[in-house]
Amino acid sequence: MLAGVSVAGVLLPESVAYAAIAGVEPMHALLAALIGLCLYPLFGTSRFAVVAPTSSAAAVFASAAATGGPVMGYTLVSLTGALFLVAAAMRAGFLGAFISRPVLRGFAWALAVTIMLKQVPQLMGVHASGAQFGPLAWSLLTEAPHTHLPSLALGAAALLLWLGLYHGVQRWLFLPISLVVLALGVAVSVGLGLGAHGVALVGDINWQALSWSLPRMSTEHWLRAMEIAPALLLILFAESWGSVRSLALQNGDKVDANRELLALGAANVASGMMQGLPVGAGFSAASANHAAGGHSKWAGITAALALALLLWLARPWIALLPLPVLAAVVIGILSHNLWPRAVLASLHLGGDAWLAGAAALGVLLFGVLFGMLLAVGLSLLLAMRRFAQPIVTELGQLPGTRDYIDQARHANAARVAGTLIMRPEEPLFFANAERIFQVVRQRADACAARAVVLSLEVCDDLDSTAVEALGEFVVGLNRQGVSVLLARVKDRPREALLRSGLAENAGGGVSLFWSVDDAVNAIPAKTATPH
């Protein structure tokens with residue numbers, strides 16, 4: 001309950017700020033936050049995720065509204081939600097598996113740094129432009145001479161207070177730290193009349209009844225919204241899945257990507273039809289929930305109730321909240337992510353851990369969407385390169401056993417006279433099959449083998465290219481009087497070979513065996529057969 005109250009205290013002014021980015025009244029962002037908070041616990045799987053408007057999604061909404069007005073923006077939200085529902089129905093959550101853990105760590109760190117930097121203009125009391133790290137940092141440098149000193153002093157004091165409470169008396173403090181700092185900010189604003197001294201305040205929040213209806217637009221605007229919807233889906237899914245999975249990994253939780261797609265779809269469809277902004281599981285709100293001690297999805301329900309009560313009873317007080325204090329609270333919440341401990345730990349592991357740096361650099365240079373796509377693309381290229389390598393191991397028999405192991409790693413593994421036993425170390429498919437068979441044939445020619453045994457234990461299926469390449473390989477060796485036997489063939493590859501007619505049972509010349517030892521023991525009979 002305390003975590004929910006703390007989250008509500010952060011979401012309310014954040015939503016006001018995101019509404020300004022989107023170019024709409026604050027009520028549209030606040031309504032979207034209420035819808036996301038209420039619907040996510042019904043469908044989502046993370047106990048820390050907080051579904052509400054995000055800065056990146058608000059920027060996409062603003063670009064759509066610039067061409068067709070706010071109505072087109074609300075249509076975009078509904079279309080994006082519908083796409084999420086379609087993806088959930090198609091069980092496309094497996095796409096989240098292509099975002100590796102190093103990518104997630106780099107993404108989370110860079111996103112935290114970017115969000116913190118976006119709070120600095122409010123802290124300084126200046127107007128800075130730029131949605132990405134580099135342009136925004138340069139804009140801040142150029143605006144530094146125009147810093148509003150009262151705003152900077154207030155924001156710095158609020159940040160120091162937050163950090164002091166967090167590292168000092170958090171365990172003994174009954175109320176959430178963020179709520180305490182925000183309440184003190186309102187008290188100082190009332191006592192000193194900060195608005196009269198040029199300090200930016202949240203301002204009045206006008207609330208009015210909204211209707212549940214489908215937007216009315218021209219066909220041209222519908223088509224334009226359909227063009228932008230996939231991009232908004234990618235942004236929301238990248239940011240939401242990154243936040244959800246990062247916190248799940250930190251706490252040993254399990255999350256379901258398909259359920260997350262369903263939750264995001266339901267929340268965005270409802271938000272669009274109620275004229276709300278797009279919603280996602282933003283990193284700052286989820287981190288606030290985690291930092292405040294939220295342990296279940298009830299924190300989201302409590303946040304919705306607290307936010308509704310604040311809008312009903314405390315709007316005059318909320319209007320007096322200084323924006324520098326809000327910025328300080330957001331920076332404080334994300335400050336524990338500033339030191340890239342997880343990124344450095346990934347780099348220390350080696351292997352594909354360099355993707356953590358690539359993801360972080362991509363987000364900082366190109367923004368959330370393109371940074372994530374860059375890192376995911378590099379992950380896919382690395383996986384394709386690995387699978388496409390013609391890595392083949394020659395096996396030998398372990399003396400006194402029926403086991404066959406890597407000869408290069410085990411000196412006591414004995415070769416079988418006249419027989420070459422090879423094992424592809426990657427599944428056979430269209431990108432590597434021909435090269436692997438070429439390597440095996442060259443090795444068979446070099447050792448003048450009379451029989452070749454291929455152990456296909458890593459292959460769970462064979463595509464048409466692999467089957468055709470295998471057929472050509474068998475024909476080529478048979479013409480030289482060399483027999484080919486396949487060992488450890490699983491059911492699906494066996495069915496593919498039967499359909500193609502290569503298997504001996506289907507009239508072909510290739511014998512299939514369940515073990516390497518059975519294939520080796522059958523070699524004398526095979527080599528006696530004329531080819």
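Going through the range 430-456 one residue at a time, which ones are out of contact with any Leu (no Cβ under 8 Å at 6 or more places or on another chain), surrounded by 15 or more Cβ atoms within 10 Å (Cβ to Cβ) and under 19 Å from Lys490 (Cβ atoms)?
Residue satisfying the conditions is Asn432 alone.
Taking the range 294-314 on its own, how many of its residues are more than 20 Å from Ala108 (Cβ to Cβ) and outside any helix (DSSP H, G or I)?
The number of residues fulfilling the criteria is 4.
Can you give me the number of residues within the range 227-258 that are among the basic types (Lys, Arg) and either at pLDDT below 85 or touching a Phe, Trp or Tyr at 6+ places or on another chain (Cβ under 6 Å) (or both)?
Count: 1.
Residues of the range 252-264 being surrounded by fewer than 24 Cβ atoms within 10 Å (Cβ to Cβ) and closer than 22 Å to Glu14 by Cα, which ones?
None; the set is empty.
State whether the residues of the range 286-303 include one that is surrounded by fewer than 24 Cβ atoms within 10 Å (Cβ to Cβ) and β-branched (Val, Ile, Thr).
Checked against the condition, which is being surrounded by fewer than 24 Cβ atoms within 10 Å (Cβ to Cβ) and β-branched (Val, Ile, Thr), the range 286-303 yields at least one hit.
Specify the residue that is least open to solvent (accessible area, probe 1.4 Å); the eligible residues are those in the range 489-503 that are in contact with a Cys (Cβ under 9 Å, 6 or more places away or on another chain) and assigned to a loop (DSSP other than H, G, I, E, B).
Val489
Inspect all residues belonging to the range 114-132 and state whether any of them is within 30 Å of Gly195 (Cβ to Cβ), under 23 Å from the mean Cα position of the chain (by Cα) and open to solvent by 60 Å² or more (accessible area, probe 1.4 Å).
yes
Checking Ala66 against (1) modelled with pLDDT of 85 or more; (2) farther than 19 Å from His336 by Cβ; (3) in a helix (DSSP H, G or I): exactly one of these is not met. Which one?
The number of the failed condition is (1).
Among the residues of the range 42-58 satisfying the criterion of being more than 16 Å from the chain's Cα centre (by Cα) and open to solvent by 30 Å² or more (accessible area, probe 1.4 Å), which is farthest from Leu310 (Cα to Cα)?
Phe43
Please note which strands (runs of 3 or more DSSP E) are completely contained in the range 359-454 and include at least 2 residues that are aliphatic (A, V, I, L, M) and over 32 Å from the mean Cα position of the chain (by Cα).
So the answer is 392-397, 419-424.
If you check every pair at least six apart or on different chains, which have Cβ atoms under 6 Å apart with a residue in the range 244-264 that is more than 21 Å from Pro102 (Cβ to Cβ) first and a residue that is in a loop (DSSP other than H, G, I, E, B) second?
Asp256/Thr45; Asn258/Arg91; Arg259/Thr45; Ala263/Gly44
The values are calculated or read from the model by the stated rules, or taken from the named source; none is laboratory data. Not measured: the values here are computed from a predicted model. Cβ atoms come from the backbone with ideal geometry, glycine included; neighbour counts cover every protein chain shown. Only protein heavy atoms, including side chains, enter the accessible area calculation; ligands, DNA and RNA are left aside. Shrake-Rupley method; radii C 1.70, N 1.55, O 1.52, S 1.80 Å.
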